[in-house]
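Report on the following structure.
The values are calculated or read from the model by the stated rules, or taken from the named source; none is laboratory data. This one's a predicted model, so the numbers in the text were calculated from it and none came from an experiment. In this analysis, Cβ positions are derived from the backbone assuming ideal geometry, glycine residues included, and neighbour counts consider all displayed protein chains. Just the protein is used for accessible areas: all its heavy atoms, side chains included, with ligands, DNA and RNA removed. Shrake-Rupley method; radii C 1.70, N 1.55, O 1.52, S 1.80 Å.
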Amino acid sequence: MEDCLAKKMEITVSEAEKRTGRNAMNMQETYTAYLIETRAVEPQTEGQCAPVDSLWRRYSEFELLRNYLSVTYPHIVVPPLPEKRADFVWHKLSADNMDPDFVERRRIGLENFLLRVASHPGLCQDKIFYSFLTQEGGWKEMVNETGFQLKADSRLKALNATFRVKNPDKRFTELKHYSDELQSVISHLLRVRARVADRLYGVYKVHGNYGRVFSEWSAIEKEMGDGLQSAGHHMDVYAASIDDILEEEEHYADQLKEYLFYAEALRAVCRKHELMQYDLEMAAQDLTSKKQQCEELATGTVRTFSLKGMTSKLFGQETPEQREAKIKVLEEQIQEGEEQLKSKNLEGRDFVKSAWADIERFKEQKNHDLKEALINYAVMQISMCKKGIQVWTNAKECFSKM
């Protein structure tokens, strides 16, 4: 961790800017660009700070970076990006991806993504990631030259592997189920939070009605007028504070959403393991089949029904020379298959070892982050309740002085 990029470089996404331009189809589009600023932690000369480098990136470029990392490091639980469009949002807040409040929350999420990658012991060493932070021109071409798209497994192939693996690793199967449950629980939690926020908004706004009534009442009272007016003022201030409170609360919701998206990153590691296991089993099955064919040719016996066996009966047996040639080809294929199987076994063991080490790292990070987010959310709720108690305490004092 001492060598991670986050220790050597300050990384911030400091600004978001709405822009208009033309896309690949030469059509006019509006998008948001984000300013990434980096600065070396170590000063270049004694007593001076290193200069700040900056460049602009679109959200689609962040997506390209993450896709590259996911394909290049299949054993790593790659940090997720913040949502492109608002989901599980409290309905009084805008779900428009161009809304300034949403853009601001996404800016914070993109900065968090970069810091997550820069802090990861493996991902932080990647040259493409470093270029993303420091090289504005030609970065996309550099990514595409890696050919990572060719390594990406198709969803159909992944689905096929899921249903056809004969000996799945129990640990990865359990992890896949856990990620599904984690996503379900956090989704439900976010929906509940949105409903609570809506009801809370109503309670606060009703206090605005109290404020208006007390103010109107004060106009017809002489001795009680000042007390009623003051109480109404406290109610108005309390009612007006809810918009800022719920906007702040949305940031805590975004911390939970990050782990909603992390659940998919966990499943991606599980799918990659299933694909490797499926390839291994297919290679072993193919090798067994070739060994059986070689044995049948060598002994002249056929264990199982085959089209070749029927053909031999109908059109006559092969000559010894033809059989020897086929045996030789099969022996070469068997030798090649054994090497391939050995290689796949070794690759699989390395993947499991590396993946499980990163999963353990992720679990520790997740436990720390979610604990902190839930505590902060609870503290905020307590603070809001105390504010409500204080408002009514103040109102009580106003009434007492009448």
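Tabulated values for the structure
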item: Pair-distance profile P(r), taking every C-alpha pair of the chain, with 20 angstrom steps and integer %; result: 19, 38, 25, 13, 3, 1, 0
item: Estimated [θ] at 222 nm from DSSP helical runs (n ≥ 4, -39500 (n - 2.57)) normalised by residues in the chain, nearest 500; result: -24500 deg cm²/dmol
item: Theoretical FRET efficiency, 1/(1+(r/R0)^6), r = Cβ-Cβ of GLU321 and ARG164, R0 35 Å, to 0.05; result: 0.35
item: Positive minus negative residues near PRO79 (Lys, Arg vs Asp, Glu; Cβ under 9 Å); result: +1
item: Under 19 Å from the Cα of LYS18 - lysines, other chains or at least 8 residues apart; result: LYS84
item: Separation of the ASP226 and ALA357 label points, Cα + 7 Å toward Cβ, nm; result: 7.4
item: Cβ-derived FRET efficiency at R0 51 Å, LYS328 paired with ALA240, nearest 0.05; result: 0.05
item: 1.4 Å probe accessible area per residue over the chain, in Å²; result: 60
item: Dimensionless Rg/Rh of segment 207-310 - Kirkwood Rh, Rg from C-alpha atoms; result: 1.81
item: Nearest-0.05 FRET efficiency for GLU181 and GLU37, computed from C-beta distance (R0 41 Å); result: 0.60
item: Approximate spin-label separation TRP56-TYR130, in nm, with each point projected 7 Å along Cα-to-Cβ; result: 2.7
item: Whichever lysines have a C-alpha closer than 28 Å to that of LYS401, once near sequence neighbours (fewer than 8 apart) are set aside; result: LYS205, LYS222, LYS386, LYS387
item: Under 10 Å, Cβ to Cβ, from LEU280 - net charge with Lys/Arg +1 and Asp/Glu -1; result: -2
item: Cα shape, segment 130-244, gyration tensor, a/c 1.5 rule; result: oblate
item: Restraint check, LYS127/LYS371; LYS7/LYS371; LYS342/LYS366, Cα-Cα greater than 30 Å; result: LYS127/LYS371; LYS342/LYS366
item: Simple spin-label estimate for LYS291 and THR393 in nanometres, 7 Å along Cα-Cβ; result: 8.0
